[in-house]
Amino acid sequence: MLSAAEENYLKAIFSLADAQAGGFVKTNSIANKLNTKAASVTDMLKRLFEKDLVSYQKYQGVKLTSLGEKFAKQMIRKHRLWEVFLATKLKFNWDEVHDIAEQLEHTQSEELTDRLEEFLGFPTHDPHGDPIPDKDGNFAERYNMTLADILPGTEYVVVGVKEHTAVFLNYLDKISMVLGTTVSITLLNEYDNSRDVVLNQHTKQSVSYKVAKNVLVAVKTEQDSPD
């Protein structure tokens with residue numbers, strides 16, 4: 001049985017390592033992500049090391065052991081499933097679900113998590129487009145293509161975001177560029193690299209490059225079309 005604090009550390013280390021292709025993670029990076037002091041991180045890492053959840057290499061930092069990675073993936077799975085539940089069943093906005101899921105993810109019942117996943121229809125991605133690991137820790141395919149990568153001539157669907165801040169998500173709500181929105185580029189503006197787009201085949205909108213590079217898209221398929 002791990003404490004909520006220990007679980008948060010494992011999830012943070014996994015996230016940081018994933019962002020840099022699985023390498024070792026520095027103490028200061030963990031402190032910055034969790035908004036705490038380096039000394040506090042050092043104390044926690046000692047506890048995790050004693051439980052065989054992290055390994056340490058001098059001058060490199062820490063890395064999750066196979067056991068630590070297993071627990072981290074379980075935390076991510078619970079967190080993202082709760083985000084799906086909050087967004088799709090309780091109709092919370094996508095900028096609200098993260099903080100609430102942070103509280104719900106610490107439930108210890110594996111059966112509850114399994115039933116939640118089944119109840120939701122085994123979703124593969126959370127409301128922000130991040131992949132949800134299955135019970136065995138396998139992640140769905142990660143969305144990588146952004147609105148900044150595409151050219152005019154093809155219709156796409158908004159499938160996620162790279163930035164999760166409330167300010168950014170609220171902005172996307174304001175311009176109606178939410179998950180499931182179809183989008184096509186009509187013009188690339190050479191001066192500032194902004195894009196003129198059409199949303200859901202009728203709403204025209206100008207989008208900055210900063211926004212475009214943080215909106216994940218996928219090519220629209222027949223399955224994405226309304227009946």
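Against the list (1) acidic (Asp, Glu); (2) in contact with a Lys or Arg (Cβ under 8 Å, 6 or more places away or on another chain); (3) over 20 Å from ALA87 (Cα atoms), the condition GLU190 fails is (2). Considering only residues in segment 50-61 that are modelled with pLDDT of 95 or more and crowded, with 20+ Cβ neighbours inside 10 Å, the one that is farthest from LEU112 (Cα to Cα) turns out to be VAL54.
A quick yes/no check of all residues on (1) of a type in the set (Val, Ile, Thr); (2) modelled with pLDDT of 95 or more; (3) outside the structural domain of ALA212 (by TED's automatic domain parsing):
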| position | (1), (2), (3) |
| --- | --- |
| HIS79 | no, yes, yes |
| LEU90 | no, yes, yes |
| ASP95 | no, no, yes |
| ASP99 | no, no, yes |
| THR107 | yes, no, yes |
| GLU110 | no, no, yes |
| PHE119 | no, yes, yes |
| THR165 | yes, no, no |
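Residues in segment 97-124 that are under 18 Å from the mean Cα position of the chain (by Cα) and part of a helix (DSSP H, G or I): VAL97, HIS98, ASP99, ILE100, ALA101, GLU102, GLN103, LEU104, GLU117. The single condition among (1) part of a helix (DSSP H, G or I); (2) β-branched (Val, Ile, Thr); (3) touching a residue at least 40 places away in the same chain (Cβ under 8 Å) that ILE30 does not meet is (3).
Is it true that ALA39 is part of a helix (DSSP H, G or I), of a type outside the set (Asp, Glu) and modelled with pLDDT under 95? Yes: the conditions hold for ALA39.
The values are calculated or read from the model by the stated rules, or taken from the named source; none is laboratory data. Just so it is clear, the model here is predicted, and its values are computed rather than measured. We place every Cβ from the backbone using ideal geometry, glycine too, and count neighbours over all the protein chains shown.
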